[in-house]
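Read the figures in this text as sums done on the coordinates, not as results from a lab. Computed from a predicted structure; not experimentally measured. Here Cβ is always computed from backbone atoms with ideal geometry, including for glycine, and neighbour counts include all displayed protein chains.
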Amino acid sequence: MNIKKIFNFMFALTATIPCLANPVLANSAELYDKQAKNEIEAYANEIGNLTDRFIFYNGPYHPYNEIANGLDMNYIEYLKYASNIQLANPWERFYACTTSGRCCGMSILSILAHNGVFSPSDIQEGKENLIDIKCDTSLTGCKDDPVMNKILAYHLRQDKADFNLFMKWNLSHYSKSEQVDYLLETAEKANQNGKYFLISYYDFNLWHAVTGMGIMDGEWEWYGKKYDKCILTIDTNILHQDEETDDIVSYGCAADSSLFVNSETKEVCVPVYFDPEQREDMICGEDFKIFTLDDDNFMNYMGKINPSDSYDTEFSDINSITVKNENECTINVTDSDNTTYDGISECKAIFPNNGDEYVLKGKDFKVQNTVNAENFGVNFMDVNHAVHTDFQGAVNNIFYNSDEFNFDVSAPTEYDISLIFEEGSYKFSPHYKFDFSGNTDSDFKAIQTDRGVILSSSDGLECQIKINDIIRDENGLVSVVYTGDRAVNPEEKVQQEAISTLNDVLLTFDENGSLDYYIGENYDTKVQKGDVNCDGFIDAVDAAQILIAYSKNSADSTAYVGKTLGDYNGDGFVDAVDASQVLIKYAELSAK
């Protein structure tokens, strides 16, 4: 099919493939080529292609150094709308997710505008149609463009925990046939309701999102294979030269960028990206997978324009587990029916190219380090939490469910754990991120409760604690901190703490957001300042631990006494003066 020349494709996320120029419909007459092309594009024009798409094209625009230095206004705006887990990611992830394109954001905005969730004038004032919206796509201007700012807010929806998990679950656990059937079903529904929908497809060389418009029946042949269904799409990668302005602009719905399906064999072809004669590993091969979504509320959840505050999609038991040394561990999963299965074989059998990430459903997950490898780490992510771990030493088992993270070891082990709470998943604290690090000879547990986080270890606890805070306004937006013309990460380190105790402790906060510790069978006894080992008494042992901590701090060594309990006189330091005053207090208590 001889369609206008394709220019400079840059694709979503980090994958790229070479440009394909002038793809040809195999074994068909030129007259049939033109007729098929005209029929497809004529129907596309009937259902919104002339108005309900962006005219500017998808491409990269983020200068690396400006993001790194906090000068990219789109990055600043992203921080305002980012979820807690996104805020905890380094800025390099933002760069990786956006530098090669913004196809998902452009597609979602097209869908929501066409479906009436908001109007084009909400994107750019005074515009009645998406095709009339202007955007500066130059490398230097685009980063500050307000339209691009909105596109970016929706492009990064795919990076939020709920969307990311739901998409990966669908890609990794539904068969190719099931994915194609749902695509056809959704496209038929789009025809009936006049609604657009999202299509995201994946292959080894490409991860790309397009706007699904509807479906046609017919007979088509591409590269020697026949197809009877055509899913019309608006693909922001497809470009042509405007005859009046000579500008390179988006073509909209093109016949050869649509998805062609054989409804019997479930084979799919996107002709512009698939030419086996040019390259055997182009998309639409054995690993080609399709994610289809027509839930407007889900696409606009906590969005930038008329945001929805809820959605019906349910996936609370989906967990992403990323491990190091994947051939040296096992993952055992217990589901809601108390059935246990092998997570690695379950996920690998369906999604063989997912590397060391396993997307699994269950209520309990156990990762066993079968060879006691050092430098072992496991990251967990569900819709409410993200847990990042790093261990130096022999780790046996790592356990995780939505309320509890714990591990046991067979030798002295250093641990470094980040526990991140998503908005709405906790009530006990204004703080969203907790870092725990220390040493253990046995195990370590962090258990979420309604009141706080319980820290526990069988042989006593030595733990350094960092607590981070995100300030959001009444609309849920992050208050970004500015220094002159430069925006810095909104994350504010609230407290750095440490604790050394033989007892389990509940870490929680008072009404002012200040840290408190509680002990006892029901964690109803508040630990008093000076009781640094949390045994319920202020005595000479506490004074000795304060002196040891003071010595270590003076030598830039790791100490496990924090200011909450160890700074007895409140001068901001843990030192020999505090130890002396604790001894005086101990003497007073002993004399009673």
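Listing for the model above:
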| item | result |
| --- | --- |
| ASP136/GLU474 FRET efficiency (R0 35 Å; Cβ-Cβ; nearest 0.05) | 0.60 |
| Phi-based couplings in Hz for segment 406-416 (Karplus 6.51, -1.76, 1.60; Gly and Pro marked x) | 7, 8, 10, 10, 10, 7, x, 9, 8, 10, 9 |
| Label-point separation, ASP556 to GLU188 (7 Å along Cα→Cβ), nm | 7.0 nm |
| Cleavage-rule hits (chymotrypsin sites (Phe, Trp or Tyr not before Pro)) in segment 531-592: DSSP loop, at most 16 neighbouring Cβ within 10 angstrom | PHE537, PHE573 |
| Rounded FRET efficiency, nearest 0.05, which uses the C-beta distance separating VAL371 from GLN528 and R0 of 30 Å | 0.10 |
| FRET efficiency estimate (nearest 0.05) - Cβ-Cβ, GLU314 to VAL577, R0 56 angstrom | 0.50 |
| Along principal axes, Cα extents of segment 505-592, largest first, whole Å | 36, 34, 21 |
| Other-chain or far-sequence residues with amide H under 5 Å of ASP416's (modelled H) | ASP390 |
| Segment ASP403-ALA587, length gained on full extension (0.36 nm per residue, minus Cα span) | 62.1 nm |
| Computed lengthening from ASP295 to GLU511, 0.36 nm per intervening residue step minus Cα-Cα distance | 73.8 nm |
